[in-house]
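Asker: Below are the structure tokens for one structure; questions will follow.
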Amino acid sequence: MEERTELETIGEFGLIERLNPKREIRNESTILGIGDDAAALKYNGKVILVSTDAMVEGVHFDMVYTPLKHLGYKACVINFSDIYAMNGTPKQITITISASNRFSVEALEELYAGINLACEKYNVDIVGGDTCSSTSGLFISITVIGEVDEDKIVKRSGAKPNDLLCVTGDLGGAYAGLLVLEREKVTFKANPNFQPDFSTYEYILERQLKPEAQKEMIEWFKENDVLPTSMIDISDGLASETLHLCKSSDVGCELYIEKLPLDYETTRTLEEFKIMPDVGALNGGEDYELLFTVDQKDFEKIKTNENIKVIGYITDNSQGSNLITPQNTTIELRAQGWNHYRKEE
Ligand code: ADP
Ligand code: MG
């Protein structure tokens, strides 16, 4: 009998490994391939970054509570975020949309209003794409092209023991926003006349529906002459991204739970849902903040930026990746973030 392996047994990251076992590079211009937030290509001394991210109805968004304008905006921002994660600047995108006839022309114009808004804000050009029909729902795939100086590329793989582990902004907000939207969806289904009151959840709903990428942070690095030793954007959750970074860099880390940056509204909402705020900050995804490491010599500069929090430091690989609790006990860091195909525990 032919062998059949279920996707859930290997998960998203196992699947990427399995489908791309060799990672053969045939062209000199390919200087960085699979395994980072974006690929890096070098032409005539100039480095170009390329990355792709798709959004699928029913997987990444639910039409019941996702305004199409926000969706278009978010589809762009999540792509820009991968370019910033390489310390680059996004310049162009191509957009593929596949929509069923459930969507009207006006609805897709709304989607594009959001795409245009994001491109205007982040100074990015739309240079092409593809449009086709779909038998079920809406699918958007965006490819982003960016620029970076070769000596300024920041990979996932450069973290060294004693480097400081840093994060921008605050965490868990997008996840808290999703919890609220899912709760209201259930209530709405039971009573379609129900009008939810979202006034006390404004920040977290914006984090979920209309996130931003960390353009200002990349500009700050440049202005302040700070070059992170490694970087990744937080799409699947801090725990998962920290492990990716440590694995790529072949190091361990100590991450202090009490240092996790949480917004007041996020904490309050997670508590409302009986979720420990730290757990939400570690495993809730889609914050699109940056996780990076810097050499200790940059600490004086880093501490002047209010948007950056030092949450731990890098250790030797042999020490593993650990969480340090407020009581000073050590727990192994494990990823419970978003992983397509992963079996629910
Ligand atoms: P991110 O979260 O930054 O978008 P992913 O976790 O989606 O990155 O992907 C991890 C790495 O694997 C990236 O370098 C990405 O380009 C690559 N990758 C993802 N899916 C595939 C695929 N089907 N074939 C080849 N490479 C892939
Ligand atoms: Mg990424």
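Asker: Highest first, please rank the peptides 296-305, 107-116, 226-235, 73-82 by the mean number of other Cβ atoms sitting within 10 Å of their residues.
Answerer: Details: 296-305: 13.1, 107-116: 17.5, 226-235: 23.3, 73-82: 25.7.
The packing order, highest mean first, is 73-82, 226-235, 107-116, 296-305.
Asker: In whole Hz and in residue order, list the ³J(HN,Hα) couplings for the range 274-291 that follow from phi through the Karplus curve 6.51 cos²θ - 1.76 cosθ + 1.60, θ = phi - 60°; x for Gly and Pro.
Answerer: Result, rounded to whole Hz: 6, 10, 5, x, 4, 5, x, 5, 7, 10, x, x, 6, 7, 6, 8, 10, 10.
Asker: Among Met217, Met276, Met55, determine the one that fluctuates most according to a GNM of the chain built with springs between C-alpha atoms less than 10 Å apart.
Answerer: Met276
Asker: Using the Kyte-Doolittle scale, which helices in the chain average at least -1.0 and also have C-alpha atoms spread 15 Å or more along the helix axis, with helices defined as whole DSSP H runs?
Answerer: Membrane-span-like by this rule: 68-84, 105-122, 173-190, 238-249.
Asker: Suppose R0 equals 41 Å. What FRET efficiency, 1/(1 + (r/R0)^6) with r the Cβ-Cβ distance, do Val59 and Lys297 give to the nearest 0.05?
Answerer: So, using R0 = 41 Å, E works out to roughly 0.45.
Asker: How much length is gained if the chain between Val186 and Glu147 is pulled fully straight, taking 0.36 nm per residue apart and subtracting their Cα-Cα distance, in nm to one decimal?
Answerer: 9.7 nm
Asker: Arranged from highest to lowest average of other beta-carbon atoms within 10 Å per residue, in what order do the peptides 175-185, 121-131, 94-104, 145-155 appear?
Answerer: Top of the packing list down: 175-185, 145-155, 94-104, 121-131.
Asker: Report the full-extension gain for the segment Ser100 to Ser134: residue separation times 0.36 nm, less the Cα-Cα distance, to one decimal in nm.
Answerer: The Ser100-Ser134 span can extend by a further 11.8 nm.
Asker: I would also like to ask the following. Say we join alpha carbon atoms closer than 10 Å with springs in a Gaussian network model of the chain; which of Thr325, Thr89, Thr315 then has the biggest fluctuation?
Answerer: Among Thr325, Thr89, Thr315, the largest mean-square fluctuation in the Gaussian network model of the chain belongs to Thr325.
Asker: Heavy atoms of the protein only, probe of 1.4 Å, neighbouring chains included. What is the accessible area of Val294 in Å², nearest 10?
Answerer: The accessible area comes out at roughly 0 Å².
Asker: Between Ile275, Ile48, Ile142, where does the largest GNM mean-square fluctuation fall for the chain, given springs only between Cα atoms within less than 10 Å?
Answerer: Ranking Ile275, Ile48, Ile142 by mean-square fluctuation puts Ile275 first.
Asker: With every protein chain kept in the model, how would you rank Glu254, Glu106, Glu306 by accessible area, 1.4 Å probe, largest at the top? Present the calculation step by step, with values, prior to reporting the outcome.
Answerer: Details: Glu254 35, Glu106 120, Glu306 165 Å².
Of Glu254, Glu106, Glu306, the descending order of accessible area is Glu306, Glu106, Glu254.
Asker: Now, a different point. What number, rounded to the nearest 500 deg cm²/dmol, is the helix-based mean residue ellipticity at 222 nm of the chain, given -39500 (n - 2.57) per DSSP H run of at least four residues and division by all its residues?
Answerer: After summing the helix terms and dividing by the residues of the chain, the value is -10000 deg cm²/dmol.
Asker: Whole-Hz Karplus ³J(HN,Hα) for the range 44-60, in order, using 6.51 cos²θ - 1.76 cosθ + 1.60 and θ = phi - 60°, x for Gly and Pro?
Answerer: Each residue of the range 44-60 in turn: 6, x, 9, 9, 10, 9, 9, 8, 10, 9, 10, 10, 10, 4, x, 10, 9 Hz.
Asker: Taking the Cα centre as origin and putting +1 on Lys and Arg beta-carbons and -1 on Asp and Glu beta-carbons, what dipole magnitude results for the chain, to the nearest 20 debye?
Answerer: Charge dipole, the chain, about its Cα centre: 380 debye, nearest 20.
Asker: Related question: May I ask you to compute the full-extension gain from Glu202 to Tyr341, defined as 0.36 nm times their residue separation minus their alpha-carbon distance, rounded to one decimal in nm?
Answerer: Length gained between Glu202 and Tyr341: 46.9 nm.
Asker: Relative contact order of the range 1-154: what whole-number percent is it, with Cα pairs under 8 angstrom and at least 6 residues apart?
Answerer: 30 percent
Asker: Hey, another quick one. With no solvent and one point per C-alpha, what does the Debye sum give as log10 I(q)/I(0) for the chain at q = 0.07, 0.12 Å⁻¹?
Answerer: So the normalised log intensities are -0.30, -0.92.
Asker: Further, regarding this structure: 7 Å from Cα along Cα→Cβ at both Lys259 and Tyr43: what's the point-to-point distance in nm?
Answerer: Calculated label separation equals 4.1 nm.
Asker: In addition: At a Förster radius of 45 Å, what calculated FRET efficiency corresponds to the Cβ-Cβ distance of Phe194 and Ser318, to the nearest 0.05?
Answerer: Taking R0 as 45 Å, the efficiency between Phe194 and Ser318 is 0.25.
Asker: To continue, here is another question. What nm value, rounded to one decimal, do you get for the distance between Asn123 and Glu28 when each label is placed 7 Å out toward the C-beta?
Answerer: 3.2 nm
Asker: Which ³J(HN,Hα) values in Hz, rounded to whole numbers, follow from the phi angles of the range 156-170 under the Karplus curve 6.51 cos²θ - 1.76 cosθ + 1.60, where θ = phi - 60° and Gly and Pro get x?
Answerer: 3J(HN,Hα) across the range 156-170, in whole Hz: 6, 9, x, 5, 10, x, 6, 4, 8, 9, 10, 9, 8, x, 10.
The values are calculated or read from the model by the stated rules, or taken from the named source; none is laboratory data. In this text, all values refer to a predicted model and were calculated from it rather than measured experimentally. For neighbour counting, all protein chains shown are included, and Cβ atoms are generated from backbone atoms with ideal geometry for every residue, glycine included. Note: areas computed on protein heavy atoms with side chains; ligands, DNA, RNA excluded. Shrake-Rupley method; radii C 1.70, N 1.55, O 1.52, S 1.80 Å.
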